Amino acid sequence: MIKITFPDGKVREYPKGTTSMEVAKSISEGLARNVLAAKVNGVVWDSSRGIHDDVTLELLTWDATEGKSTFWHSSAHLMAEALEALYPGIQFGIGPPIENGFYYDVDLGEGTLSSDDFKKIEDKMLELAKAGNQYIRKEVSKKDAISYFGEKGDKYKLDLLKDLEDGTITFYTQGNFTDLCRGPHIPDTGSIKAVKLMNIAGAYWRGDEKSKQLTRIYGITFPKQKELTDYLTLLEEAKKRDHRKLGKELELFTFSEKVGMGLPLWLPKGAQLRERLESFLKKAQLKAGYLPVVTPHIGHKDLYVTSGHYEKYGADSFQPIRTPAEGEEFFLKPMNCPHHCEIYKSKPHSYKELPIRYAEFGTVYRYEQSGELHGLTRVRGFTQDDAHLFCRPDQVKEEFMKVIDLVLYVFRALDFPEFTAQISLRDPENKSKYIGSDENWEKAERAIIEAAAEKGLKTVVETGEAAFYGPKLDFMVKDALGRKWQLGTIQVDYNLPERFELEYTGADNQKHRPVMIHRAPFGSLERFIAVLIEHCAGNFPLWLSPEQVIILAISDKFNDYAKNVSELLKNSDIRAFVDERDEKIGRKIRDAEVRKVPYMLVVGEKEVESNSVSVRRHGQGDLGSMSLDQFQKHLNDEVMLALNQK
RNA sequence: GCCGAUGUAGCUCAGUUGGCCAGAGCUACUGAUUUGUAAUCAGUGGGUCGGGGGUUCGAAUCCCUCCAUCGGCUCCA
């Protein structure tokens, strides 16, 4: 007998070799029907595998993340089976589950595939699913595996096999399809009830641009039809929040082919939003001891030769601008730090001055590949809320903590969504890739980890993801459609102080090299605003809203009173406007609601007589009548509540 | 840059077995209406159907090419 411990701590005894499915059945038939896989001692297994030792066991159903991913992984196999049936001779790359669904990379040879073919494939998948074929696991020797795929002519699988060790190789078969696969899988195809292929894309084999490009087919499946319908509805809703759509509707920004792709044009309302964000952060930075600096949009080639960016990125940058007479080369600045280094060098520094924090909203230009551009999140010209901190090695941790505080303050004031702090460390196997001493790296990495832990951040550590010049901490958030973007970033840099030969005089009267920290709480204003728009669905917090209050007169007889109210509000720095159109009040309200103006003030005879306003809040409706003073206090309270939380 | 899809008025979209002067709603403009919490009525304007080339008696519709956009891949100082 073996002892099985369940997540609730209960322990039960079973005969040796019992499968998780049998365990599930012993608990209830209903549970057994829903079991997709099992977590045995923390590792996900097929529910049909026998258990031979004392273990902890968690039965995975659709509600568990790993249950879903097992389900989708098995669905990828099902799609492969359908594809092989429909397109004989097709070759397969890899087919993993992803956050929402799965994909499979295939090589169609001479053939092509488009979304017009989806219906056919979906139908085939459903047909095969109905058969309820079991997923059968089989351990195979490397030799047998190679001969199987060799015979089949599946060169990608053979390529994968090269890196696998004999004795660890398993096949999974369902119906007529056998795949090289580590597993695990769900019991059988019968639980796959709803299938939707989402899109098709090119993907390089093994992610290498030089390898052959395969066709990647994305799909998603569910155990119930209704869940698919709900998912599609959710996607539709998410599309409504897309910043590209809202940016156009709310007149925040636009693009022009004539100006150039990836170069956003900020419309008046968007520009005001930016200005509010800028002044908000500038104020916070001033309080935190930052010193403003301003640098030009171009820089001499020598600057980037010194910084090393010319060597690394020169060929992939916008090409240099030349002076007509001397032929000197200038680059559009791709980053602000080299300029800031030169500012640091403009005079000698004492250890007593450090840290020095130079801040600038610097607009930079980078050549991004044309297929990469994406709304405001990926552009060719953008403004970083950049700052460079020059400090002593022993100050790194404290500075990190302070920057984290600043980032958290920003996120909190904006009621910002869930984010993950990603700590990127160097690859310990490959230390020669990185610049800077071992000692400094260790100190900095430890400082980042400790600082993040002390601030209670939800962190993910990525080993080997550090830049060559230093470790970093990035704040990652998701957009409406679930795509991940990096916003805020804090990076330690040992490279630039070295290259620019930055120094300070220590207490020992010797020259020392400062550590540089790059940091940007927003990351870039463009990307930050994009994510902000999607997060709040265009309903900006009152303090950011480009139009805070709109005054709607019942008829144009009351426009004078409306204008009077608007003037009074403007005198208190409230962004107030009057809708003077000759329209009915219902129409004016509708238009203001659509424009997502936070407050609407309805004024007519009643209000003129009692010297008041009727307040309507966007999305909430009528709040009743107030005096103008009361209303202003109401606005002020709302703004203070958002900005003053600490 | 690569794979696939898309491109019709300022916006959202109809319109292809190739066929008279290419349509609707909203917006804009003009007029009427003087209105109480999500769309008042009428009229007018607006498109070399993404650009270029080709096939054809005839192209928004078929073909080629370029550009841009969308979904991915690769990249992202």
* Kindly list the number of the only condition in (1) in contact (Cβ under 8 Å) with a residue 60 or more places away in the chain; (2) over 30 Å from A:Met640 (Cα atoms); (3) touching an Asp or Glu at 6+ places or on another chain (Cβ under 9 Å); (4) charged (D, E, K, R) that fails for A:Glu278. => (2)
* Structure fact -> Flagged pairs (Cβ under 7 angstrom, 6 or more apart or on separate chains; first in the stretch A:440-466, not assigned by TED's automatic domain parsing to the domain that holds A:Glu398; second exposed (fewer than 14 other Cβ atoms within 10 Å of the Cβ) and part of a strand (DSSP E or B)) are none
* **Positions within the stretch A:594-611 being outside any strand (DSSP E or B) and either touching a strand residue (DSSP E or B) at 6+ places or on another chain (Cβ under 6 Å) or within 6 Å of RNA strand B (Cβ to nearest atom) (or both), in sequence order** => A:Val594, A:Val597, A:Gly604, A:Glu605, A:Lys606, A:Glu607
* Structure fact -> If you go through A:Phe400, A:Phe411, A:Phe361, A:Phe419, the only one that is more than 15 Å from RNA strand B (Cβ to nearest atom) and at pLDDT 95 or above is A:Phe361
* Single match in A:Lys16, A:Lys39 (criterion: surrounded by fewer than 22 Cβ atoms within 10 Å (Cβ to Cβ), assigned to a loop (DSSP other than H, G, I, E, B), at pLDDT 90 or above and touching a strand residue (DSSP E or B) at 6+ places or on another chain (Cβ under 6 Å)) -> A:Lys16
* **The one condition in (1) closer than 13 Å to A:His77 by Cβ; (2) in contact (Cβ under 8 Å) with a residue 40 or more places away in the chain that A:Ala203 fails to fulfil** => (1)
* Asked: A:Thr233: in the same structural domain as A:Ile136 (by TED's automatic domain parsing), modelled with pLDDT of 95 or more and more than 9 Å from RNA strand B (Cβ to nearest atom), yes or no?
  -> no
* Asked: In the stretch A:612-628, is there at least one residue being more than 10 Å from RNA strand B (Cβ to nearest atom), surrounded by 13 or more Cβ atoms within 10 Å (Cβ to Cβ), of a type outside the set (Lys, Arg) and touching a residue at least 24 places away in the same chain (Cβ under 8 Å)?
  -> yes
* To do: For A:Lys68, state whether it is of a type outside the set (A, V, I, L, M), in contact with a helix residue (DSSP H, G or I) (Cβ under 8 Å, 6 or more places away or on another chain) and part of a helix (DSSP H, G or I).
  => no
* Considering residues of the stretch A:56-107 that are among the charged types (D, E, K, R) and free of Cβ contacts under 8 Å to residues at least 60 places away in the same chain only, the residue nearest to A:Gly202 (Cα to Cα) -> A:Lys68
* **Any helices (runs of 4 or more DSSP H) falling wholly within the stretch A:72-172 and containing at least 1 residues that are exposed (fewer than 15 other Cβ atoms within 10 Å of the Cβ) and small (Gly, Ala, Ser)** => A:142-152
* Considering each residue of the stretch A:544-593, count those that are outside any strand (DSSP E or B), touching a residue at least 40 places away in the same chain (Cβ under 8 Å) and near RNA strand B (Cβ under 10 Å from one of its atoms), and give that number. => 4
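The values are calculated or read from the model by the stated rules, or taken from the named source; none is laboratory data. Quick caveat, the model's predicted, so the values are computed rather than measured. With ideal geometry, Cβ positions are generated from the backbone for all residues, glycine too; neighbour counts draw on all protein chains shown.
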